[in-house]
Amino acid sequence: MSPSPARRGPGRPGLLWAAPGALFFLCFALGPLLLVGYLSFTEWDGLGGLPSFSGTGNWRRLWEDSTMRGAVVLSLLLTALTWLVQTPIALLLGVWAAGRQKNRAVLSAVFFLPLLASSVALALLWKTLLDPNFGLIADIGPWIGFEDGDVLGSSRGAFGAVLFVAAWQFIPFHTLLYQGGARQIPRSLYDAASIDGAGTVRQFFHITLPQLRNTVITSSVLMVVGALTFFDTVLILTEGGPGTDTTIVPYWMYETGFVSRDMGYASAIATALVVVATGISLLLVRLTGFAAMRSTREGL
């Protein structure tokens with residue numbers, strides 16, 4: 001006889017319902033992660049034969065690699081600038097898109113179009129636009145400080161291009177998060193503030209922003225993890241150049257594993273990247289108190 005709903009608890013499905021998700025996570029997340037962790041202690045070209053155990057050689061090399069240190073600095077810089085650029089823009093656009101302005105739905109739909117295309121297609125599009133010979137940058141380059149239009153050929157321009165393309169592509173996603181969060185704020189709070197004489201700016205800083213606290217944390221965690229694992233746009237747009245000026249950690253991992261055929265060292269880089277990204281995410285959740293999941297609507 002199957003257990004009654006009362007014994008199982010109200011609204012609690014059996015463990016069998018979690019089996020497909022758990023199996024998927026085991027096969028496509030935990031399993032490959034453990035395999036990569038094992039490969040980080042081996043030497044292997046990824047083509048033939050079996051990996052040979054090399055102890056902690058790859059991890060010692062990780063600490064001594066000057067290119068890796070530069071890649072770490074660039075990845076952290078890209079992560080910090082990504083958050084500083086994307087968060088304010090996405091927050092303001094999300095709050096605006098949650099309103100009832102004229103033509104808001106049409107403009108929002110147009111703005112969210114980058115979400116529908118793949119990262120590879122968008123990177124190819126921007127690489128064409130930034131081509132100094134026949135791209136749009138050849139005409140507008142002198143206006144932004146690049147007389148020859150070779151934005152991708154300079155250190156400052158290439159890194160700025162990566163930052164800009166990433167923002168252009170992912171700001172719509174975070175805008176959706178803020179739009180959904182802003183629509184959950186009770187209208188009564190704004191009505192009461194208006195009666196007390198609070199203007200739009202004061203309402204934003206004293207009502208909207210505090211109510212979106214958990215949304216900001218969620219968006220920030222996704223943004224940080226996304227920036228630390230950013231890869232495909234760099235591969236197509238700059239190929240890590242000029243020199244190593246845009247060689248971030250995921251791209252250096254690709255170069256090591258699939259160009260130099262050093263899968264053991266590439267696995268060490270990948271494992272370190274997963275550990276760091278997970279640690280930063282957990283630290284953000286811990287420091288912001290998000291783990292407690294306190295409601296921002298208490299007393300309503």
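FYI, it's all coordinate maths here, none of it is from the lab. All values derive from a computational prediction rather than experimental measurement. Glycine also receives a Cβ, built like all others from the backbone with ideal geometry; neighbour counts cover every protein chain displayed.
Annotation: peptides 149-157, 29-37, ranked by per-residue average of other Cβ atoms within 10 Å with the highest first, follow the order 149-157, 29-37. Residue exposure proxy: Leu235, Leu26, ordered by other Cβ atoms within 10 angstrom of their Cβ from fewest to most, comes out as Leu26, Leu235. Arranged from fewest to most other beta-carbon atoms within 10 Å of their beta carbon, Ile137, Ile195, Ile185, Ile144 become Ile195, Ile144, Ile185, Ile137.
Rg over Rh for the chain works out to 1.05, using Cα positions for both radii and the Kirkwood form for Rh. Both the radius of gyration and Dmax for the range 126-175 are 11.5, 35 Å, in that order, over alpha-carbon atoms. For the chain, the membrane-span-like helices by this rule, meaning whole DSSP H stretches whose C-alpha atoms cover at least 20 Å of axis and whose Kyte-Doolittle mean is -1.0 or above, are 66-97, 155-183, 213-228, 263-288; this says nothing about an actual membrane. About the centre of its Cα atoms, the chain shows a dipole size close to 1800 debye [charges on the beta carbon of Lys, Arg (+1) and Asp, Glu (-1) only; nearest 20 debye].
Between the beta carbons of Leu34 and Ser194, assuming R0 = 41 Å, the FRET efficiency works out to 0.15 to the nearest 0.05.
In loop segments of the range 66-127 as defined by DSSP, the trypsin sites (Lys or Arg not before Pro) with at most 13 further C-beta atoms inside 10 Å of their C-beta are Arg100, Lys102.
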